[in-house]
Amino acid sequence: MNFPTISIDLTFFTNILNELARQSNPFAAGWLLLKLGGWVPLLILTYIGVKYLYMDYIVTRWYGKIKFVLLAIDIPKGNEQTPKAVENIFSHFYGMKSSINWKQKYIHGKVQIVTSMEIVSRGGDIQFYIRTPLKYRDLVEAAIYSQYPDAEITEAEDYAKSFPKKFPSEKYEMFGCDFKMENDFIFPIRTYPQFEHGLSAEFKDPMSLILEAMGRVRKDETFAIQILLIPASDFWRKAAAQKVKKLLGKVPPSKPGIVGRTAGMLGEMAEYAVSGGIKTEGEKAKDNDMFKMLAMSPGERKVIEGIEMKISKVGFPCKLRFIQISPIEGFSTKYAMVKGFLKQFAVLGSNAFASIIKTMPRGDYWWQRMARPRKQTTLTNAYANRDPVPGGPVYVLNIEELATLWHFPVIEVKAPKVRRTEAKRAEPPRGLPIR
């Protein structure tokens, strides 16, 4: 039996190699390559490079005109609010999203503006901060007062301005890193409802660990956790919905042929004779989904339920980062405490946080020590500028996940060094004369 054969003529490429071999110098060989079509990939690479430099220039120029404000937030002692209140605050932040047309993006360089949520310990005094564009200050304050009427919000000087601009530094040592998601970001982490005791419904605040660690910071030392969030569209929800369909084994149905349509009609007639009715396509799909859900293990069902929970709420592209700057003498990294804090939110088979090793200024080997000052400088400046670009891609966290990672401590948390207000905020009496 003769099988068909496929032959490939390589004469063209052989001739090119022979011509290149006959060239007297590399410039002549390069010119020959350009004439034979090498200019096409060169043109594409040039276009990509020029576009990147152009976009970087116009975005930097536009972003540099934005005025920001750093707000220090103090909550009264005896706070009985749960992270649900902070979740409601984050839902208001979606109002920061602005529409961007073609002209604004490619001519003016407009992008979505980053808001930064920070927990900072300086010398053991812990402060909650929000850095936001000045034009959104009223939105942020209104969102906080709606949940915490007695909160005290004040404009603060940016503490990050005191950070060294370049390493190595004569006085300070630095350590930190960015964090990523171990799995696709559509898979959720463990959130605050899962920290409630099943019987007593007592909330075990996951913030207690990191606040206790921050309270132990030495004098002249800064230990900070930063969450950058960017208002964006709900593009990620479609991807998550497709993932759920894939996990359920849903595939686009193929169109049946004549035999298939005939068999389908006979099947529907038999179904009508037995059950007295024919199920619609929606009813059949629902029954099929129910069967597949029942056939899954409890862990698989929880994963799907978790994804559906995540896409049911507003989400933001985010970047999680920690930084520690302290005097060289007696420096001891707090990385283990941050890693332990984030480990609480890991869910087997779903998601967890992991360090981005390339952002970490380690010094175990000589090649790491060579790159250490550069990494320290890059990470410190990225933190101070609230820049989500260095380190790695952003990932989506919904408002429930954000409130789990960043919320004011509940009344049961004994963190004496967290800044709190001593008195309640009161409005002036009505009719008070104002000069």
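Read-outs: derived from the displayed coordinates by stated rules, not from any lab. Since this is a predicted model, take the numbers as computed values, not measurements. Every residue, glycine as well, gets a Cβ built from its backbone with ideal geometry; the counts of neighbours run over all protein chains shown.
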Sequence ranges 63-70, 97-104, 137-144, ranked by mean other-Cβ count within 10 angstrom, highest first: 137-144, 63-70, 97-104
Calculate the FRET efficiency for Ala241 and Thr154 from the Cβ-Cβ distance with a Förster distance of 45 Å, rounded to the nearest 0.05. 0.60
Using 1/(1 + (r/R0)^6) with R0 = 30 angstrom and r between the beta carbons of Glu170 and Tyr63, what's the FRET efficiency to the nearest 0.05? 0.40
In this structure, the FRET efficiency calculated for Ser312 and Lys97 from their beta-carbon separation, with R0 = 25 Å, to the nearest 0.05, is 0.85
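Kindly put Phe341, Phe235 in sequence by how many other C-beta atoms sit within 10 Å of each C-beta, fewest to most. Let's see the in-between values first.
Numbers: Phe341 22, Phe235 10.
The order, fewest Cβ neighbours first, is Phe235, Phe341.
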Difference of contour (0.36 nm per residue) and Cα-Cα distance, Gln112 to Arg374: 91.5 nm
With a 10 Å radius around each residue's Cβ, average the other Cβ atoms per peptide and rank 129-136, 319-326, 86-93, highest first. 319-326, 86-93, 129-136
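What shape does region 301-346 take by its C-alpha gyration tensor, where a ≥ b ≥ c are the square roots of the eigenvalues and a/c under 1.5 counts as rounded, a/b above b/c as prolate, and the rest as oblate?
Oblate.
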Diffusion constant of region 115-258 at 4 °C, which comes from Stokes-Einstein with the Kirkwood Cα-pair radius and 1.567 mPa s, µm²/s: 65
If amide H atoms are modeled at 1.01 Å from N in the peptide plane, then the residues at a separation of 5 or more from Val69, or on another chain, having amide H under 5 Å from its own are Thr132, Leu134
Spelling out what I want: for every residue of region 218-229, take phi, set θ = phi - 60°, compute 6.51 cos²θ - 1.76 cosθ + 1.60 (Karplus), and round to whole Hz; glycine and proline get x. 6, 4, 6, 10, 10, 10, 9, 10, 10, 10, 8, 10
Going by the alpha-carbon gyration tensor, a ≥ b ≥ c the square roots of its eigenvalues, is region 50-127 rounded (a/c under 1.5) or, if a/c is not under 1.5, prolate (a/b greater than b/c) versus oblate? prolate
By the scheme Lys and Arg +1, Asp and Glu -1, what is the net charge of all other residues having a beta-carbon under 10 Å from that of Thr82? -3
